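Worksheet for the structure shown next.
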Amino acid sequence: MSKFTFILLLSFSVTSVAREKPHAPEELLGANIVSVEEVVEMILSKPGMVLIDSRKRMEYIKGHIEGSVNMLNTEMTLDKLQSVAPDKGIALLFYCNGVRCMRSADSINKAVAWGYTNVYWFRDGWKMWAEKKFPVVID
Amino acid sequence: MHIEKLSIKAATTSIIVMVGVVAIFLSLFAGSYFRQAALNEQVSSLARVIEVASHEVLRSVSEYTFDLGMILGHNKQLITALDEADSNSSKQDIVALLDDPFINGFVGFANINLVKLRVYSLDLELIAESSVGISGIENHLPKYLATQITRRSKIERLKAMDALWLSDHSPFFSTLVPLGGLHSVGYLEVVVDPVFNLHQIGKITKTPISVFTSTDKQTAINDKRLQDDYLPVTFTLLTSDGEPAFKIVGYEDVGKLSVAMKRTQLVTTSGFLLLTFGTLLFALWLFNKFLFIPLGQMVEGMKQIAHGKLDLIVNKKGLREFSIVADSFESMINQVKLRTNELERLLNLDGSAILRFGQDGEVIYINKGAIDLFGFQGEKISDLELCDLFSDEAIEVMANYSANSVAVQDGPLQIQLGCVHKKGTKFTSDAIITPLVADGGFGYTMVLSAVADNEDTKLARYVANKVENNEHRIWAVERSLNSILEMAGNNHGVISSLGAIDGFHARSVKLQDDKRVLREQVVRVMQSALVCWESDLGKTKLELAEESGIWQVYIDKSTPTTRTLDKYLHIDSCPKNPRNQRVSDTAEFVLKKTKSKLSSCRKKLEEELEAFRTTKSGV
């Protein structure tokens, strides 16, 4: 392969990546995707459900869903998760910034791998929650 | 107006001029209309910009009121106090908590003008309101918010709601949020005065604005511009119920737009007009090249043919339709020529001598009988004139006849005329002269009866031959006499003895000299006239013959020639008896045409003409 062709392919791949941020997967193995209204209903109907906010700390402080626990995906360990959800069968709901955010998906993959079985994914995330003007908690 | 008087050229030019005038009016009208349309579009565009800007401002206000509502809505003290709202102390606590943002401020305090905080139960009954802020507004939830929230389901009610509504004071903006978050125990209404934020519309639209309430009351925002360069654009901001809340007037600076419009108008109008006139001129040029000029040549050719020049070929180089017309005309001419030839052939079969003379006595037509009668077989007869064929008496008779205009009405004249044979012999013939009006003047048609070949005729011919022979003899004697006189001139001794003969010879020589001088002057006058015509007017000999109408133009193998005129330009070819009047007329015609010139050739022509007249009067 000539040098020119290599540079061309490289630049094409770089621009392709830079052009568009990837979407979160449409579905995740071991997790149920829920809408914003279903989230509200679950919060009201399942008081024991644990909400995990997978965003950064600053984002969490500016506003988050009532009752959620901030746990960045990269910092989430089994111990930390077990500290808020000791029972692996407990309802666990993850969310982050929205469909272009991969953090909650990453967290779910970890949780499922660690053996959590009742996992829910609010894929539309914070963006949809704020748009719908549901109550938020500002610290 | 008679349409037949209007030429194609005049009609086409008029149409093109009309199109040009219409183009001017249209371009001016279009320019004006275009400017007005642009201004209207500018107004419409700015109105939409103000609309978007006002909604953006309200959205920004909503963010601040929502944040304040969320902070207060999750205030545990407020929630607790609301749970115990039945007691007076709790209500006082609620009021104190609601007054706190007014006193101690909140995040976004500087960005909105908070006028009231009110708490409602889940049944939307007013429980308490802040004691600080505006007073006197209605003590219930705005109608729009109340209507909307009662229509919502339980979960939907948890969503915050915004509304722009009309109070007794002025329009307010409210945000209703659930108190207690998702586990709501009541509602909190954050009321702000939107006028505080509406000035930001001007920053977004980058135009000065003025804001009026629905009752046309001026608010604190007033950047009214009265100059002509500012175009007021009004947008009415409606409440959530659809009633007018604010009238926002933006002042668009149309000065630059006007300048740009004028420039655009000038460029487009000028361009359009230039293009139009260029196209019209091009069309006119095309018309001239392919229509007017060929048509003019065609018409001129047809006119000449109509005047008898049947040999002329009509110019067919024109548009298809005109070419067809020319072809048809030429076919018609060919038919006419054919018929004419047939008629001539018929006339030639007749034994009578038939002649036709023009106004000046020139021969226009002569049949074979007449050619035979006068002895001109095989010669060109176009230069023959009345005086070449008839005696002076006969000419005088015919002149008197033509001078009497009644003759035209009286019909043919039967008379005996003295005729002159080519050889010079004279004879008499019965003639029927019919006056004829043709080619714009009088003429004659003359039928001479064929002379029967009887004894008298034979005798007459015999006598004529004798006379002819005698004339030859006399001519020979005269020539011998001339030789003798020449010899005598060289020998003075002999001359005295020939005195009597010399006297006879002197008279004869003088007459011949005068005629020769006259002929020479004729040639000089004609040459001077032609030189003057060509040099002063830049025209040709052919044009002189055509324009003056004095000299006939002949067609030889499709080429126009001036045979008769040419003869008068050289002494060798000049007729023995030249048409002096024609020569005078030609000189006078040229002098008249070159009246404005003061050239030497014209002066010379005047001198030649004067000398010619003097000589002519002497002869």
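Provide the net charge surrounding B:His570, with neighbours chosen by a C-beta distance below 12 Å and charges set as Lys +1, Arg +1, Asp -1, Glu -1. Walk me through the numbers on the way to the answer.
On the way: positive: B:Arg519, B:Arg524, B:Lys567; negative: B:Glu520, B:Asp566, B:Asp572.
Neighbourhood net charge equals 0.
Going by the alpha-carbon gyration tensor, a ≥ b ≥ c the square roots of its eigenvalues, is the range A:57-139 rounded (a/c under 1.5) or, if a/c is not under 1.5, prolate (a/b greater than b/c) versus oblate? List each step's numbers first, then the result.
Working: a/c = 1.81, a/b = 1.63, b/c = 1.11.
It comes out prolate by the Cα gyration axes.
With a ≥ b ≥ c the root eigenvalues of the C-alpha gyration tensor of chain A, is it rounded (a/c under 1.5), prolate (a/b larger than b/c) or oblate?
Prolate, because a/c is 1.5 or more and a/b exceeds b/c.
All other residues with a Cβ under 13 Å from the Cβ of B:Lys76 taken together, and with Lys, Arg as +1 and Asp, Glu as -1, what is their net charge? Please list the in-between numbers first.
Numbers: positive: none; negative: A:Glu66, B:Asp83, B:Glu84, B:Asp93.
Around B:Lys76, the surrounding residues sum to -4.
Give the shape of the range B:518-594 as rounded, prolate or oblate, defined through the alpha-carbon gyration tensor: a ≥ b ≥ c are the square roots of its eigenvalues, a/c under 1.5 means rounded, and otherwise the shape is prolate if a/b is larger than b/c and oblate if not.
Working: a/c = 1.69, a/b = 1.06, b/c = 1.60.
Oblate, since a/c reaches 1.5 and b/c is not below a/b.
Got a sec? What order do B:Asp193, B:Asp67 fall in by accessible area at 1.4 Å, biggest, i.e. largest, first?
B:Asp67, B:Asp193
Solvent-accessible area of B:Asp388, probe 1.4 Å, all protein chains present, reported in Å² to the nearest ten, please.
70
How much accessible area does B:Phe29 have with a 1.4 Å probe, in Å² rounded to the nearest 10?
Accessible area of B:Phe29: about 140 Å².
Skipping prolines and chain starts, which residues have an amide H placed within reach, meaning under 5 Å, of the one on B:Ala128, given they are 5 or more residues away or on another chain?
It is B:Val119, by chain and number.
B:Lys206: which lysines have alpha carbons under 20 Å from its alpha carbon, excluding same-chain residues fewer than 8 sequence positions away?
B:Lys206 reaches B:Lys224, B:Lys247, B:Lys256.
Cα to Cα, under 20 Å, and not fewer than 8 places away if on the same chain: which lysines meet these conditions relative to B:Lys604?
Those lysines meeting the cut-off are B:Lys539, B:Lys541, B:Lys592, B:Lys593, B:Lys595, B:Lys616.
Largest first, how would B:Arg613, B:Arg516, B:Arg118 line up by accessible area (1.4 Å probe)? Intermediate values should be presented prior to the final figure.
On the way: B:Arg613 85, B:Arg516 110, B:Arg118 0 Å².
Listed by decreasing accessible area, they come as B:Arg516, B:Arg613, B:Arg118.
Can you give the net charge of the other residues whose Cβ lies under 13 Å from the Cβ of B:Val195, counting K and R as +1 and D and E as -1? If you can, show how the numbers build up before the last one.
Details: positive: B:Lys217, B:Lys247; negative: B:Asp193.
Every neighbour counted, the sum reads +1.
Mind grabbing the accessible area of B:Phe277 for me, 1.4 Å probe, Å², rounded to tens?
80
Can you list residues whose amide H is under 5 Å from A:Val69's amide H, if they're 5+ apart or on another chain and H is modeled 1.01 Å from N?
The list, which skips near neighbours in sequence, is A:Leu51, A:Ile52, A:Asp53.
Using a 1.4 Å probe and counting only protein heavy atoms, arrange B:Ser153, B:Ser528 so the residue with the most accessible area comes first.
Most to least solvent-accessible, the answer reads B:Ser153, B:Ser528.
For the range B:321-385, which chymotrypsin sites (Phe, Trp or Tyr not before Pro) are both in a DSSP coil and crowded by at most 10 other Cβ atoms within 10 Å? Can you show the working numbers first?
Working: sites: B:Phe322, B:Phe329, B:Phe357, B:Tyr365, B:Phe374, B:Phe376; in loops: B:Phe376.
Taking the range B:321-385 and a limit of 10 other Cβ atoms within 10 Å, no loop chymotrypsin sites (Phe, Trp or Tyr not before Pro) are found.
The values are calculated or read from the model by the stated rules, or taken from the named source; none is laboratory data. Predicted model, so just to flag it, every value in this text is computed and none were measured. Positions of Cβ are backbone-derived with ideal geometry, glycine not excepted, and every protein chain shown enters the neighbour counts. Surface accessibility is based on the protein's heavy atoms, side chains included, excluding ligands, DNA and RNA. Shrake-Rupley method; radii C 1.70, N 1.55, O 1.52, S 1.80 Å.
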